[in-house]
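Encoded as structure tokens, the structure appears first; notes follow it.
The values are calculated or read from the model by the stated rules, or taken from the named source; none is laboratory data. In this text the structure is predicted, and so the values were computed from the model without any measurement. Cβ: placed from backbone, ideal geometry, glycine included. Neighbour counts: every protein chain shown.
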């Protein structure tokens, strides 16, 4: 099989952030869906990467080490993906530790808000759902479902903990230039995640000036017309292109890994840039 026939998914999540399954299971799923490589990009943590790499060796799947950093710019949430960075970079480790503490503080505040509103769940239950991993809103949603306050995951967000809901608490966020610099200082490749239509050309151009290396052009929230437009934009500004399913292991009721054709050539270009960076 030639490289032209290979497909990859460079954006999936595990239960180390807000996914449902282990890194090993996600790598196994990549194998079962016929992928040749999978990018593990948990939110603001690298805890699942070692397990994923071990599973990759077991299943014969290339594992691309990644992370998804949360940032905000001009009123928009911007997620910056980092690939092939130094896992021992002290600045990155410091940020991850700080962010983990902020996630706990945020979750505890939302639980407090829920309690004040007559929805009685305990932080202990939320911690149990997280199983020692980084706590997020999906874990609160699971407890709300378990306690009978909502029937579905989506209802939990809509009624209680989604944007604009009474118990919602803003997430701790970097400026995108900080996220890009974190990845850069750790000798990694930075990619703008899922730039849908609400992300203007102006914002993307600003990110180029900040040093972003590339943009996702294939994603469930990006239609084919937008994909073609983003690919043209990437060519204009000399950006790498990437793509993935953003699969969370079926947490939202469906498995989307393997449904989006991301060619291996996208990954090959990322690796070439990484090699040039290392050689410079």
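For residue 238, the conditions (1) surrounded by fewer than 18 Cβ atoms within 10 Å (Cβ to Cβ); (2) under 23 Å from residue 30 (Cα atoms) all hold with the exception of (2). For the range 95-118, filtering for residues that are crowded, with 18+ Cβ neighbours inside 10 Å and in contact with a helix residue (DSSP H, G or I) (Cβ under 9 Å, 6 or more places away or on another chain) leaves 6.
Taken together, 116, 154 contain a single residue that is more than 21 Å from the chain's Cα centre (by Cα) and farther than 25 Å from residue 65 by Cβ, which is 116.
Among the residues making up the range 179-200, those that are surrounded by 13 or more Cβ atoms within 10 Å (Cβ to Cβ) and out of contact with any strand residue (DSSP E or B) (no Cβ under 8 Å at 6 or more places or on another chain) are 181, 185, 187. When the residues of the range 28-48 are filtered to those that are under 16 Å from the mean Cα position of the chain (by Cα) and in a loop (DSSP other than H, G, I, E, B), the one that is surrounded by the fewest Cβ atoms within 10 Å (Cβ to Cβ) is 47.
Residues of the range 81-98 that are closer than 25 Å to residue 268 by Cα and free of Cβ contacts under 8 Å to residues at least 12 places away in the same chain: 88 alone. With the requirement that a residue be out of contact with any helix residue (DSSP H, G or I) (no Cβ under 6 Å at 6 or more places or on another chain) and within 28 Å of residue 65 (Cα to Cα), what does the range 119-147 give you? Once the filter is applied, which keeps residues that are out of contact with any helix residue (DSSP H, G or I) (no Cβ under 6 Å at 6 or more places or on another chain) and within 28 Å of residue 65 (Cα to Cα), the range 119-147 yields 127, 128, 131, 132, 133, 136, 138. Using the structure shown, decide if residue 21 is in a loop (DSSP other than H, G, I, E, B), modelled with pLDDT of 95 or more, in the same structural domain as residue 244 (by TED's automatic domain parsing) and over 16 Å from residue 189 (Cα atoms). For residue 21, the condition - in a loop (DSSP other than H, G, I, E, B), modelled with pLDDT of 95 or more, in the same structural domain as residue 244 (by TED's automatic domain parsing) and over 16 Å from residue 189 (Cα atoms) - is not met.
Among the residues making up the range 49-61, a single one is farther than 27 Å from residue 138 by Cα and surrounded by 19 or more Cβ atoms within 10 Å (Cβ to Cβ): 61.
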